[in-house]
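Just below is one structure, and these are the notes that go with it.
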Amino acid sequence: MNDLAYNGLTLDRAPDRRTDPDWIAAQRATPNTRVLPFWRDHLLIGGHAPADADTVFLGLDGDTPVFAADLSTVDKPVGEPHDLRALVNTVDPAEAATLAYARGILHWSRNQQFCGACGGATDTRDGGHLRVCRDCGKLLFPRIEPAVIVLVTWQDRCLLARHHNAAPDAYSTLAGFVEVGENLETAVHREVREEAGVTLTDVQYQASQTWPFPAGLMIGYRAHAATPDIAVDGAELEEARWFTAAEVHELRATPSRTDSIEHFLISTWLHEVDCVVA
Ligand SMILES: [Zn+2]
């Protein structure tokens, strides 16, 4: 599903050329180069990256090299910092994908200044897509954290849950990070059992979405519950219950974020249920 927000990057990442530092330097020096300035995970609108700023090569937009610059060490940068999620509906999908990619790679790079094995400082390589420890030579590649998200249904209802301290009507689908030693489907079964005490009979992949807030990859599923029994864990969730389509429509009458895969999973289900009813 490339039409999910932040998916559908159109840049040519040029992985075969970005390993050449001379080629990267030439791209950076090209007059038509585009540099996206970021500051502490925010896009700086009206901002400007100095020539010596730390940059990551994102890719080629036709003939235009596109870089992202991290100005996070500056206390008060030029420009207005903007949260990408607040901007997403004001830019075209390919631009949203570029900005998300920039945010994600800069966040990773900024947090890998030192080697996790020996504590040595790291240097950037491959246009910013690799960091190498000066002391032990360890290679650090960009990390993505996979998380599963699932819409569970029972007959004509779906399972939504409220987290502790959430607003009274803030119900959401269940989601969680994949743990070491799990595949995606195992993670879906575990999350739903742990958080809501619900056993699933089948788990079907729906779509995935890049989610660099800060480093996620969301993998979306639909699943059926074996029984309607619910037992919330009390730790993460305050409440979980079954909602009819009419109740979900009512919940969503108030404006909410539409950029997430959760929105997609619920909308798809609502559309199917509404079609059956109609
Ligand atoms: Zn090291």
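The values are calculated or read from the model by the stated rules, or taken from the named source; none is laboratory data. A quick note: this is a predicted structure, and the numbers were derived from the prediction, not measured. All Cβ positions, glycine included, derive from the backbone under ideal geometry; neighbour counts span all protein chains shown. In case anyone asks, the SASA skips ligands and DNA or RNA and just uses the protein heavy atoms, side chains included. Shrake-Rupley method; radii C 1.70, N 1.55, O 1.52, S 1.80 Å.
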Item checked: Members of the range 187-206 that are open to solvent by 60 Å² or more (accessible area, probe 1.4 Å) and within 21 Å of the chain's Cα centre (by Cα) -> Gln204, Tyr205, Gln206
Check: Does at least one position in the range 257-277 carry a residue that is in a loop (DSSP other than H, G, I, E, B), surrounded by 18 or more Cβ atoms within 10 Å (Cβ to Cβ) and either under 21 Å from the mean Cα position of the chain (by Cα) or at pLDDT 95 or above (or both)?
Finding: yes
Checklist line | Of the criteria (1) more than 16 Å from the ligand (Cβ to nearest atom); (2) of a type in the set (Val, Ile, Thr); (3) out of contact with any Gly (no Cβ under 6 Å at 6 or more places or on another chain); (4) not in a loop (DSSP other than H, G, I, E, B), which one Val74 fails | finding: (4)
Check: Would you call Asp123 in contact with a Gly (Cβ under 8 Å, 6 or more places away or on another chain), within 16 Å of the ligand (Cβ to nearest atom) and among the acidic types (Asp, Glu)?
Finding: no
Next item on the list: For the range 158-174, state whether one or more residues are open to solvent by 80 Å² or more (accessible area, probe 1.4 Å), in a strand (DSSP E or B) and more than 16 Å from the ligand (Cβ to nearest atom).
Entry: no
Next item on the list: Search the range 7-19 for residues that are surrounded by 14 or more Cβ atoms within 10 Å (Cβ to Cβ) and pair each with any residue that is in a loop (DSSP other than H, G, I, E, B) when their beta-carbon atoms are under 8 Å apart and the residues are at least 6 apart or on different chains.
Entry: Asn7/Met1; Gly8/Asn2; Arg18/His129
Margin query: Only one of Val198, Val188, Val192, Val132 is touching a strand residue (DSSP E or B) at 6+ places or on another chain (Cβ under 6 Å), farther than 23 Å from Leu217 by Cβ and not in a strand (DSSP E or B). Can you tell me which?
Written below: Val198
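Quick one: is Asn89 under 25 Å from the mean Cα position of the chain (by Cα) and within 16 Å of the ligand (Cβ to nearest atom)?
no
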Notebook entry, point to check: What residue, of Arg28, Arg40, is under 19 Å from Pro142 (Cα atoms) and open to solvent by 30 Å² or more (accessible area, probe 1.4 Å)?
Noted result: Arg40
Notebook entry, point to check: In this structure, is Leu106 away from the ligand (no atom under 16 Å from the Cβ), of a type in the set (A, V, I, L, M), touching an Asp or Glu at 6+ places or on another chain (Cβ under 9 Å) and over 28 Å from Tyr221 (Cβ atoms)?
Noted result: yes
Notebook entry, point to check: Which residue pairs have Cβ atoms closer than 8 Å, lie 6 or more positions apart in sequence or on different chains, and pair a first residue in the range 131-149 that is at pLDDT below 95 with a second residue that is exposed (fewer than 13 other Cβ atoms within 10 Å of the Cβ)?
Noted result: none
Check: For Ala245, which of the numbered conditions (1) in contact with a Lys or Arg (Cβ under 9 Å, 6 or more places away or on another chain); (2) open to solvent by 40 Å² or more (accessible area, probe 1.4 Å) fails to hold?
Finding: (2)
Note to self: With more than 16 Å from Arg18 (Cβ to Cβ), within 16 Å of the ligand (Cβ to nearest atom) and buried (at least 16 other Cβ atoms within 10 Å of the Cβ) as the only criterion, which of Cys118, Cys133 stands out?
What the structure shows: Cys133
Check: Within the range 67-105, how many residues are under 16 Å from Asp259 (Cα atoms), among the hydroxyl-bearing types (Ser, Thr, Tyr) and surrounded by fewer than 16 Cβ atoms within 10 Å (Cβ to Cβ)?
Finding: 1
